[in-house]
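Contents: one structure, followed by commentary.
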Amino acid sequence: MKNRRISWSGITPGHPSFDDKGIPPPPLRWKGKCEVSGCNNKLIGIRNFVSGDSAIDIVGHGTHTSSTAAGNYVNNASVFEQANGTASGMAPLATLWPV
């Protein structure tokens, strides 16, 4: 199993790139923490270390970078209804623990 730890502006847990279809559960030794709802077998931990900030992505940058690195397969993806197809990140079956 490949794992990716990504640090940025937050994440959007409900984004289709973070669906856990086909992702096995994290190892039993995993002691991650999910500070917001939306963790699953793909997003195995979401934490924020900046006082007063949220782990939820409000500008889109964190969601974009993490889905580029490890986004799961998304069928019928398109850009402005053009170029329909399947999108994925570089390691679509990897787990993420955004911090």
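The values are calculated or read from the model by the stated rules, or taken from the named source; none is laboratory data. All values derive from a computational prediction rather than experimental measurement. Note that we place each Cβ from the backbone using ideal geometry, even for glycine, and neighbour counts take in every protein chain shown. Ligands, DNA and RNA are excluded from the accessible area calculation, which covers all protein heavy atoms including side chains. Shrake-Rupley method; radii C 1.70, N 1.55, O 1.52, S 1.80 Å.
Yes or no: D20 in contact with a Leu (Cβ under 8 Å, 6 or more places away or on another chain), surrounded by 15 or more Cβ atoms within 10 Å (Cβ to Cβ) and among the acidic types (D, E)? Against the criterion (in contact with a Leu (Cβ under 8 Å, 6 or more places away or on another chain), surrounded by 15 or more Cβ atoms within 10 Å (Cβ to Cβ) and among the acidic types (D, E)), D20 qualifies.
Candidates G52, G62: the one that is touching a residue at least 12 places away in the same chain (Cβ under 8 Å) and under 30 Å from K31 (Cβ atoms) is G62. Every residue in the stretch 25-61 that is of a type in the set (D, E) and either closer than 14 Å to H15 by Cα or open to solvent by less than 60 Å² (accessible area, probe 1.4 Å) (or both), please. Of everything in the stretch 25-61, just one residue is of a type in the set (D, E) and either closer than 14 Å to H15 by Cα or open to solvent by less than 60 Å² (accessible area, probe 1.4 Å) (or both), namely D57.
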